[in-house]
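Colleague: One structure, as C-alpha cells, below. Some questions next.
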Amino acid sequence: MALSLTETWQNTLASIKTWAFTNSPWAIHYNSGSCNGCDIEILATLTPRYDLERFGVILQGSPRHADVLICTGPVTLQSRDRLKRTYEQMPDPKFVVAVGSCATSGGVFLGCYGVVGHIDEVIPVNAYIPGCPPRPEAIIDGVVKLLQSLQKK
Amino acid sequence: MNILGPIINVLFFPAGLFVLIIGLAYLWVDRKLVAQFQNRIGPRWFQPLADVVKLFFKEEVVPDGVDARFFVGLPILALAAALTTALYVPLVGLQGAYNFPGDLIVVVYLLSVVTMSLALAGSNTASRFSLIGATRTLTQLFSYEAPFLLALLGPAIVAHSWQINTINTYAGTHWILLTQPIGFVIALVGLMGKLELPPFDAPEAETEIVAGAMTDYSGRGLAIFQLAKAVEMVVGLTLIAALYLGGIGNPIDFFAKTLILLLFLAGLQSLFTRFRIEQTVKWWRYAALLVLAQWVIMVVLGQGVLS
Ligand code: SF4
C-alpha cells in the first residue's frame, strides 16, 4: 500500500515536472562561429511578429537560468572551450538545439583550418534545425518538436 | 483556536499561499499587458506558475567561491520579508491581519529587505556581473528609497496616523490622489524602481551585465526570488491603492484599483526604454525634490485645506 502510494506520488511528480518543463523553456543563445545569418533569424523569431513568449520561451542572459541552449554556426577552435563552459554552467536538465546547416553538419565551413566541426562534436545535441539560415517558422517548429519529444519521454 | 488563527494567517491567508497565488496571477497580468502593448499575443495564463514549478525542479548550482549558507538563506529571507508585509496591508479589502501604530514604516522597510537581500546575494559571489548588479541595485535603492518613503508618508500625515488600517479608512472618504497628485505619481514610479521594472531595470540589464545580482542563481533560489518579487508587487500595489486611490473596502475595490494601477505600470514599462544607472539617480533626485516641494506646500497651506 505504502509502496503504491509512493509510486503514484512519483508518477504525479514526474508528470508535473514534464508539464513545467514543456511549458517554460528558457533559452540562451550562443554563437560559436556562425556567419550571423542564423543569429539574425533567431532574433527575428523573438520579435513580436512570431512571439515565442506564447510558448513560454524567454531569452535569458545567464546560462544558469536557461534550459535550452540555442547554438548557431560551426564550432571554431577559439569558441570550443567557451561553448563547453556555457553548456556546463547550465543546471540540469538541459537541452541543446543546433540551428542552421553549419551547426548540424559544419556546412560551408567544414574543412576550414580554424573549424572543429559541428556542434555535436563538442556537446550533445537534442534537436537539429537545418537551413541556411532556417526561417523563423522552422526554428519555432524545431523548438515545438523538441518539447513534444520531452512529453513522450 | 488561538493558535490556529495565526497559523492560518501565516500559511494560507492573507500571507502564504493566497498572496503567492495572487502574486503569480498579477505577474501574468503584467506580462500579458506588456505583450499586448507590444502587439504580441503574450504568455498563457499559467506561465508564471509553470516557470516557478520548473525552477523548483531544476538543479541548484552553488558556485565555488560563495558562502553557501548565505547563498541558500538570502532568497528565503527575501520571501519571508515579502510575505510578512502581506499580513499588514488590506489585501482583498479585508483589514490587515495584524496592525499596530506605525506599521506603515515597518512595511516599507520590510519591502526594502527584499531588495537588500537581492543586493547581498549579488555581492556574495565571485562573478563580476553579480557584483555590478548588486552595486547598481544598492545605488538605485538609495536613490528611490527617500522619495518613495516621503510619498507614502504624505497620506499618513493628512490622516494623522501611521497605521495602514486607519489611513485606509480615512482614504475611504477622501481621495488623496486629488490633493497629492505628485506623491501618487512618485509612489507608483517608486514601486517600479523597487520591482526593477523597465525603465529602472539597469540592475538586471541583460544586455550589459547578464542578469545582474541574479546571474549565479539557478533553480530554487531564483524561483524564491521571483516569488518574493511577485508578492512585493501585490503588496506595493495594494499599499498605493489603499493610500491614494480612496482606500480598499471590499474585494471588488481591491481588484479594480490594483488592476488599474497595474495597467498604468505596464503602460509605463512599455513606453520607456532603460535608463542608465546615473540617469536613474538623476531622475530620483528631481523626484525627491518634487515630493519635498509638495510637503512644503502642504505645510504652508495647512492640513485643513489639503485633507
Ligand atoms: S547555416 Fe548559413 S546562415 Fe547559418 S551560420 Fe551557416 S552559413 Fe551562416
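Colleague: Anything in region A:32-67 that is part of a loop (DSSP other than H, G, I, E, B), among the β-branched types (Val, Ile, Thr) and open to solvent by 40 Å² or more (accessible area, probe 1.4 Å)? List them, or say none.
Modeller: A:Thr47 - this is the single residue of region A:32-67 that is part of a loop (DSSP other than H, G, I, E, B), among the β-branched types (Val, Ile, Thr) and open to solvent by 40 Å² or more (accessible area, probe 1.4 Å).
Colleague: Checking the conditions here, which among A:Ser149, A:Ser105 is away from the ligand (no atom under 14 Å from the Cβ), hydroxyl-bearing (Ser, Thr, Tyr) and open to solvent by less than 90 Å² (accessible area, probe 1.4 Å)?
Modeller: A:Ser149
Colleague: On to the next question. What's the number of the only condition in (1) among the basic types (Lys, Arg); (2) crowded, with 20+ Cβ neighbours inside 10 Å; (3) farther than 26 Å from B:Asn165 by Cα that B:Lys282 fails to meet?
Modeller: That leaves (2) as the condition not met.
Colleague: Out of all the residues in region A:68-81, is one or more within 13 Å of another protein chain (Cβ to nearest Cβ), buried (at least 22 other Cβ atoms within 10 Å of the Cβ), assigned to a loop (DSSP other than H, G, I, E, B) and under 14 Å from the mean Cα position of the chain (by Cα)?
Modeller: No, that holds for no residue.
Colleague: When only residues in region A:82-97 that are within 27 Å of B:Arg44 (Cβ to Cβ) and open to solvent by less than 10 Å² (accessible area, probe 1.4 Å) count, which is farthest from the ligand (Cβ to nearest atom)?
Modeller: Top of the filtered list is A:Pro91.
Colleague: For B:Ala241, all conditions in the list (1) within 14 Å of chain A (Cβ to nearest Cβ); (2) assigned to a helix (DSSP H, G or I) hold save one; what is the number of the exception?
Modeller: Of everything listed in (1) within 14 Å of chain A (Cβ to nearest Cβ); (2) assigned to a helix (DSSP H, G or I), B:Ala241 misses just condition (1).
Colleague: Also, quick follow-up: Identify, by number, the condition in (1) without any contact (Cβ under 8 Å) to a residue 40 or more places away in the chain; (2) more than 14 Å from the ligand (Cβ to nearest atom); (3) of a type in the set (A, V, I, L, M) that A:Val116 doesn't meet.
Modeller: Every condition holds for A:Val116 apart from (1).
Colleague: Out of (1) surrounded by fewer than 18 Cβ atoms within 10 Å (Cβ to Cβ); (2) farther than 22 Å from A:Arg82 by Cα, what's the single condition that is false for A:Ser24?
Modeller: (1)
Colleague: Go through region A:12-40 and give me each residue that's among the hydroxyl-bearing types (Ser, Thr, Tyr) and within 14 Å of chain B (Cβ to nearest Cβ). Break it down stepwise before answering.
Modeller: Of region A:12-40, the ones among the hydroxyl-bearing types (Ser, Thr, Tyr) are A:12, A:15, A:18, A:22, A:24, A:30, A:32, A:34.
Hits for region A:12-40 are A:Thr12, A:Ser15, A:Thr18, A:Thr22, A:Ser24, A:Tyr30.
The values are calculated or read from the model by the stated rules, or taken from the named source; none is laboratory data. Quick caveat: nothing in here was measured; it's all calculated off a predicted structure. All Cβ positions, glycine included, derive from the backbone under ideal geometry; neighbour counts span all protein chains shown. Side chains included, ligands, DNA and RNA excluded: accessible areas come from the protein's heavy atoms. Shrake-Rupley method; radii C 1.70, N 1.55, O 1.52, S 1.80 Å.
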